[in-house]
Amino acid sequence: MMRFVVPILVILAVLVPLEEADAQLRRRRDRAIFGRSSGQRGAQERLTLQHGGRTRSYTLHVPERVRQENAPVPLVIMLHGGGGNADNAESMSGFSPKADREGFIVAYPDGTGGGRAPMFTWNAGHCCGYAMQNKVDDVGFIRALIDQVQRDHRIDPDRIYVTGMSNGGMMSHRVGIGLADRVAAIAPVVGAVFGDEASPRAPVSAIIINGMRDESVPYEGGKSGGLGARAWDGTPTRPAVEQGSFWASAGRCNPTPRESDGGGYTLWQYDCPSPVGVARYAITEGGHAWPGGRRGSRRGDDPGTVLDATDVIWDFFRAHPKR
């Protein structure tokens, strides 16, 4: 069984006793949830599917207005950080109330884990934990999730988006590459690339957000201190700037971005052929957190208020359909 020894990158770990974690997992299984504490008004379901010999799970939030209007809508997939889960990703990001206001469906998938507690990771290649060690096919899982949601709901195929934090941000890159035929845009938050990624087969828009004081995924790249010995394979991350240049190159954008000072953050925007867009934010005092959201754990970094990542990401997604 994998042990987490306060892994800094796994910032979204649910810090509760094991018995309480078991109870939380049981409460989350096979139920529909209405009007939860994070402020959402739509209906939620806990759903499962079979992929790669595993039963995979996710929470699906469908706003009431979406159910009533029955028109094609966007799908946003929000990936939790290492050591987190669907509930954690939802409360930290606030995407459900955003979906209620804007009229899109949001899915919160669970990664996989070897223990009893609902503390999961994603196989982002060089990170993290159980999913990486067991070479779990998470890209295939996300494809299967998209297929299932499309069978059950009217999803606009040109407006499927993926975002995530930390290990989930790394996984967003991996999904964007592996599912470039399905995904219109990605939004990695405090994530990273490792420099050995394959080129996507089609352009994918990307908005990237990093904190310049992030000690878990260093802004300038390198190895993270404080990780559990088995949480990743030791491959250093690349500097944050390379996330932008990677997607700009894939999208055939001008390699020299336009720079602007937002007061507390710097924004770089690449000029790309329509409808592709690539933008990168660096939050000057930002740490390892979801900007404008809630702490991922009691020991997590302060999210700050300089930027609301959920608002910024949705505005970018809305402006960048697949075609």
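Readers should treat all values here as calculations from the given coordinates under stated rules, not as data from a laboratory. Just so you know, these numbers come straight off a predicted model, no measurement behind them. When we count neighbours, we look across all protein chains shown, and the Cβ atoms used for this are built from the backbone with ideal geometry, even at glycine.
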Inter-residue pairs, beta-carbon under 9 Å, first assigned to a helix (DSSP H, G or I) and in the range 94-123, second of a type in the set (Asp, Glu), 6+ apart: 96/90; 98/311; 100/64
Answer from 169, 113, 191 - the residue that is touching a Ser or Thr at 6+ places or on another chain (Cβ under 7 Å) and either closer than 26 Å to residue 308 by Cβ or among the aliphatic types (A, V, I, L, M) (or both): 191
The range 175-201, residues that are surrounded by fewer than 24 Cβ atoms within 10 Å (Cβ to Cβ), in a helix (DSSP H, G or I) and either touching a Gly at 6+ places or on another chain (Cβ under 9 Å) or among the polar types (S, T, N, Q) (or both): 178
Residue match in the range 249-269 (condition: aromatic (Phe, Trp, Tyr) and touching a helix residue (DSSP H, G or I) at 6+ places or on another chain (Cβ under 8 Å)): yes
Selected residue (criterion: farthest from the chain's Cα centre (by Cα)) from residues of the range 254-309 that are outside any loop (DSSP other than H, G, I, E, B) and among the polar types (S, T, N, Q): 260
Residues being part of a loop (DSSP other than H, G, I, E, B) and out of contact with any Asp or Glu (no Cβ under 9 Å at 6 or more places or on another chain) - total across the range 231-253: 7
Some residue of the range 202-223 being surrounded by fewer than 16 Cβ atoms within 10 Å (Cβ to Cβ) and touching a strand residue (DSSP E or B) at 6+ places or on another chain (Cβ under 6 Å): no
Residue match in the range 131-154 (condition: closer than 22 Å to residue 289 by Cα, outside any helix (DSSP H, G or I) and of a type in the set (Val, Ile, Thr)): no
Residue count for the range 93-117, restricted to those that are over 15 Å from the mean Cα position of the chain (by Cα), crowded, with 24+ Cβ neighbours inside 10 Å and within 17 Å of residue 167 (Cα to Cα): 0
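Go through the range 40-84 and give me each residue that's assigned to a loop (DSSP other than H, G, I, E, B) and out of contact with any Leu (no Cβ under 8 Å at 6 or more places or on another chain). Break it down stepwise before answering.
First pass over the range 40-84, keeping only residues assigned to a loop (DSSP other than H, G, I, E, B): 40-42, 52-53, 63, 70-72, 80-83.
Of everything in the range 40-84, those that are assigned to a loop (DSSP other than H, G, I, E, B) and out of contact with any Leu (no Cβ under 8 Å at 6 or more places or on another chain) turn out to be 40, 41, 42, 52, 53, 63, 70, 71, 72.
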